[in-house]
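Since every read-out is calculated from the coordinates, none of them should be taken as a lab result. Everything numeric here is computed off the predicted structure, so don't read it as measured data. When we count neighbours, we look across all protein chains shown, and the Cβ atoms used for this are built from the backbone with ideal geometry, even at glycine.
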Amino acid sequence: MKNQPTRRMVIASGLRTATAVAAATAAGSVLVGCNSSRMIDTTTTGSVGSRSRRPAIGVDPSLRSSARMYAEQVDAEHTLTAVPYEEMEGRFRRQRVVNRTGMEPGTILVDPHNHHAYYVLSNDEAVRYGIGVGKAGFEWTGDAVIGRKAKWPRWTPPAEMIDRSPELEKYRNGMDGGIENPLGARALYLFADGRDTLYRLHGSPEWKSIGKSMSSGCIRFLNQDVIDLFNRVPVGTRVRVI
């Protein structure tokens, strides 16, 4: 508990930085992400102000036990393997925590440097997820909204990635969703000012990557965790990346 004031100061500092960067983004900054597809869809973006009321707090069955959260799961025609959660650091497992994000209920805070993402339940509580971060995950900060949600999304590698790895040429027009797809079981696409930031919150079967920084990609969750987040948030949810 002695570390809490320090953590609060870190979050507060990050939020001030995010506010400044968000202003720069609004002024026309170049946005960099982990997908080469630029999907402009102003009809699916929106404000989450109407959802800022305090939600009811009670027993959350999705947070009762790690064994249940990370068990093998059948999703559509795909089977997600069980996550060996005992081998993960406890702080990177999905859990309910005290809300020190400064965010309103119904919003998301992404903290790439500490490898955590938060879905705010109320002024007092949040669900915290462990995340893995690629290079692109550190290249964009600011405020956005979820402009699109996809189950088993299609992945299109950026042209520069294909240049570096010619074996990806066969996916220049996209890779169908599936277990081997880098975007995993779900993807949440972040939009700012009606434009795709190319920044994704997405799933991954690579549980060892959670809590680490990798060479490529945006923000990855365990597939079981990104499904949980996907089910909690609608299109238009406000997201802050610090």
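Mind ordering 126-136, 70-80, 89-99, 150-160 by average Cβ neighbours within 10 Å, highest first?
Top to bottom by mean Cβ count within 10 Å: 126-136, 150-160, 89-99, 70-80.
Taking the Cα centre of the range 154-242 as the origin, how large is its charge dipole in debye, to the nearest 20, when only Lys and Arg (+1) and Asp and Glu (-1) carry charge on their Cβ atoms?
Once rounded to the nearest 20, the dipole reads 320 debye.
For the range 187-226, what mean projected area does the convex hull of the alpha carbons give, in nm²?
3.1
Once you put a point 7 Å from the Cα of GLU169 and another 7 Å from the Cα of ALA71, both along the Cβ direction, what distance in nm separates them?
4.7
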